[in-house]
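The values are calculated or read from the model by the stated rules, or taken from the named source; none is laboratory data. Owing to the predicted nature of the structure, the values given are computational and were not obtained by experimental measurement. So basically every Cβ, Gly included, is an ideal-geometry build from the backbone, and we count neighbours across all protein chains shown.
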Amino acid sequence: MPRLMLLDSNGLIYRGYHALPPLTTSKGELVNAVFGFCSILLRGIQDLQPEYVAACFDLPGPTFRHEQFAEYKATRTPMPDDLRSQFPKVREVVAALRIPVYEMQGFEADDVIGTITRDLDARGGIDTTVVTGDLDMLQIVTEHTRLMTTRQGVDSTIYYDPAKIRERYELRPDQMIDYKALKGDSSDNIPGIPGVGEKTAAKLVGQFGSLEGIYERLDEVKPDRLRFKLVEAREQVFASRELSRIVRDLPIALDLEACRLSDYDRSEVVRLFREFEFRTLIDRLPPLTGESALDAAEALRAAAGTVAAARVAGAPGGPAAPAGAPGGAGGASGASGAGLWTRRAPRDGRGQVGGGDGLQLSMDFGATGLGEEAPPDSGLTPVASRPRAAGGDGATGSGEPADLTAALRAAVADPSLLDRFDATAEDAAEAAAWLSGRSEIGAALLMDDPRPMRGMPQALALAGPDGRVLVAESHEAVGMLGGILLASGAMVIGHETKPLVVANIAGGAAESLPVAFDTQIAAYLLNASLRSQTIADVAQERLDVTLPPAGDVPPSVRVGWMRSPPSRFANRSRRRWPRRGSIGSSGKSRCR
Amino acid sequence: MPLIPVLAEMEAAGVAIDREALAKLDVEFGAEMDRLQSEIYLDVGHDFNLGSPKQLEQILFYELNLPKGKKTKTGYSTDASVLEELKPAHPMVGKLLDWRLYSKLRSTYIEALPLLVAERDGRLHTTFHQAVAATGRLSSSDPNLQNIPVRSDLGRRIRRAFVAGSPEVTLVAADYSQIELRILAHVSGDEHLRDAFARGADIHRETAARVLHKEPADVTHDERSMAKMVNFGLAYGMSDFGLSSRAGISRAEAKAFIDNYFATYSGISYYMLQIKEVARQQGYVSTLLGRRRSIPELRIPALRSAGERMAINMPIQGTAADIIKIAMIRLPERLRAAGLKARVLLQVHDELVLEVPRGEVDAVVPILRETMEGALKLDVPLTVDVKVGDDWESMKPLTREDAVLAELGEVPAEIAG
């Protein structure tokens, strides 16, 4: 059954504000409530894997409850400014995630949620989880609508379904308002009956079924003292119950399709998370589906910037004119790479895919077409001579690198553009045909351990200037696709290419992977004093381009946001993107 | 870039590790550390935690009342440089330094190496970095081979764990002899130095003789070793102060020796002046092969002397690095062309370590020697000493010339350490 996650945004924001230490950004802005909200939102997405998400908010201004009951929430102090200022930030995140917002003037988020869940319960066919910060909504719980809330800060979650409510209170969900009317709730300024606590309230409601039941059979209530108090508070308890009764017939209807969790503005979310300095939250994000494939594509995209670096590095007159293609280039013939990148012995556990330091990548622009133009804004001279694959036809493919970069950008922004490569003869033949027609191909290899002979390939992504991005995820598929790549006679141009060459040797390939150009070496030759020559360092120094740190990539890179399989496989339901981790367990493996 | 596949092959090949040797070393090191520890306890009069800088500070400066040096945030520093100076003041200081060295080597190599061995082939695959050291030298990690102290006995013992992978193969190591001095002779054009190398003379004895105006035969052992320190120390920017403390002579004596040295080897003095000027003018220096290193430090007064040292050092060290890289690129091709199965495993400092089938040693050595010595044509000959052995510690010089060269090339422990 499809799943919907409904956010009681205000409740979560309050909860974060009160339960979390005062986290501030380096600029001194308090963001603890925003953090709490984002944290539990992402936790919910990870744990529940919902197909649909919607957010409900209170609107500022008095509600019908204030109008009907002067005392309602009267004990609450006005909202502190440092909490108020966090609301727009939460709304920004929600907007960037393209989660639709439901709210209604004069009513609280609880009422909106109550209305939506009542409607969905009536229609059936969907499981709803309301993510909230308190237990006011226990009354709307049904077999298909449950509550998720947090205990102790925002770290551990607890679910309330009818069974759980029965276990804890020995009551039905619809009895919870009667219970609360007797017990009282100081935060809502519901007085309750003096001397009646949780136990007595639950016992009374359990025994008589409802407030009505209690007052109909008052004479059965013992001891006398309790009976007198009940008589005295009669009006008040019925009023209290109405106060906490959630309105469920607002003129609101949920547009389920609009809530589908799919495309979202990832660059904007990343920007916001950076602005709020939610690095740990970002890092803690669990993988949902197909993460390593998209990570590889993302790494490739990041590396695309260094193609320009290669051109800069190869500028004539510099000390580092690109070396000619190594001997035997282009002679990587036949299917000798059959064993490429495959290692059968599985490592224990998943390693640390996507953890940043396990990332190795390389780019292959086919060596025949580095492009003629210098990066437009570099002010540097274009490359005069380029390495060429032996027997290459010299096709320059001018303009293609830019297209390739654009393709990668598009694929990362919209994962449905990714093509999945499976280790089948059919896919292999198709990939070989595709590769043979390309003058340049970008490649990114994701390893779980960058050290020689110890790492296992996790994913391989290839990108063509035609806008296609092909990804292989299993060891078998990576090995096969790598073999096809090698057999195509491609030459490698990349940044820190050595691990790729080692992986090739480790895979038992007869031919060495020919490296035509390595931007890291080039960058080193240009400035040997730079302590670190990572892609990000070099892109920053040479191109004035800031690449996302590896650790920042994951949140935006979840293919989990993608719910439809890649278009090419749209009609093959078996080939869904694998779903990583199961509910409740996947989070742990990523927690650091 | 042509070095990438070579390094990749080396990384993939890895080197065999003798776990039993490591276990033995662990016991040996442990026993030595225990011995040092009890001696230190006796010296101090009570037990304490040798690894705790705080307790050590208390003992050195308050119990033994040794002179206090640098201050740190929490108290007086007990780092190596401070202890080095305190060494003559109390016997426990030297023992403590030894203990620290044992402890360091034990944790970074003896205990760590077995963990770095790859499961699939039981070998150790280090990672070589081309783009880290600013001079152009290679560096390595997991483990960092460059950090195994070569010239000290302890470091050599670590090398015992690096062994030939099977009974059918053996290790062959080839080390450039005095390559930096030879490059200095070439770039400075100093006639005395060139001449000495051309004749194959004992360069340090020759230096001592020239500086002290003696016949080479009359040079004492101490004089020769002082000359050796100067020869090697120059590129590191050794001062009269440095020489005096290392050679155990007065600062005035050291200054006189250095002044005389530069007067005698005028080509070297001229080179040093000239390279600093070049660096200042163009902002960079380059190796003989044209690889550059920019030296922005020269423009910052506080860093100028460090910058000047880099300017003097980089063309020499960097050229040495270029030379061994050329050899590394050519060597596998030539070995393959000759139908040999020998392969290069490691590169450390000026040394290459190969794994060679026993039957191939005689065929490999001439190719190895010729490739390394012929990597770059200089005005003075490049020479390589070759050793063979089943582990990296107990390597035997292949010829009498190799033995002589090995001895000549030895960097004094005071400098190398």
Checklist line | Residue list for the stretch B:23-59, filter: surrounded by fewer than 19 Cβ atoms within 10 Å (Cβ to Cβ), closer than 22 Å to B:Arg159 by Cβ and not acidic (Asp, Glu) | finding: B:Ala23, B:Lys24, B:Val27, B:Gly30, B:Ala31, B:Met33
Note to self: Which residue is nearest to the other protein chains (Cβ to nearest Cβ), if the candidates are limited to the stretch B:1-39 and must be assigned to a loop (DSSP other than H, G, I, E, B) and under 18 Å from B:Ala164 (Cβ atoms)?
What the structure shows: B:Gly14
Checklist line | Index of the failed condition, A:Met79 passing every other in (1) aliphatic (A, V, I, L, M); (2) without any contact (Cβ under 8 Å) to a residue 24 or more places away in the chain; (3) farther than 30 Å from A:Ser240 by Cβ | finding: (3)
Notebook entry, point to check: Restricting attention to the stretch B:98-119, and to residues there that are part of a loop (DSSP other than H, G, I, E, B) and within 14 Å of chain A (Cβ to nearest Cβ), which single residue is surrounded by the most Cβ atoms within 10 Å (Cβ to Cβ)?
Noted result: B:Ala118
Check: Got a sec? Which strands (runs of 3 or more DSSP E) wholly within the stretch A:56-165 have at least 2 residues that are out of contact with any His (no Cβ under 7 Å at 6 or more places or on another chain), surrounded by fewer than 15 Cβ atoms within 10 Å (Cβ to Cβ) and in the same structural domain as A:Ala181 (by TED's automatic domain parsing)?
Finding: A:156-160
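Quick one: is A:Leu256 modelled with pLDDT under 65 and within 40 Å of the chain's Cα centre (by Cα)? Spell out the reasoning first.
Details: modelled with pLDDT under 65: no; within 40 Å of the chain's Cα centre (by Cα): yes.
When the stated conditions are applied, A:Leu256 does not pass them.
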Margin query: Just to be sure I understand, how many residues within the stretch B:178-195 are surrounded by fewer than 23 Cβ atoms within 10 Å (Cβ to Cβ) and not charged (D, E, K, R)?
Written below: 5
Checklist line | Members of the stretch B:64-84 found to be surrounded by 14 or more Cβ atoms within 10 Å (Cβ to Cβ) and in a helix (DSSP H, G or I), listed by number | finding: B:Val82, B:Leu83
Checklist line | Checking A:Val538 against (1) at pLDDT below 70; (2) among the β-branched types (Val, Ile, Thr); (3) under 27 Å from A:Arg454 (Cβ atoms), the condition it does not meet | finding: (1)
Check: Within the stretch A:484-502, which residues are more than 14 Å from chain B (Cβ to nearest Cβ) and at pLDDT 75 or above?
Finding: A:Ile484, A:Leu485, A:Ala487
Checklist line | Criterion (touching a Phe, Trp or Tyr at 6+ places or on another chain (Cβ under 7 Å) and modelled with pLDDT under 90) met by exactly one of B:Met226, B:Met310, B:Met238 | finding: B:Met226
Notebook entry, point to check: Out of the stretch A:1-47, which residues are over 14 Å from A:Ser156 (Cα atoms), β-branched (Val, Ile, Thr) and crowded, with 16+ Cβ neighbours inside 10 Å?
Noted result: A:Ile13, A:Val31, A:Val34, A:Ile45
Item checked: Qualifying positions in the stretch B:120-149 - part of a loop (DSSP other than H, G, I, E, B), away from chain A (no Cβ under 11 Å) and among the hydrophobic types (A, V, I, L, M, F, W, C) -> B:Leu138, B:Ile148
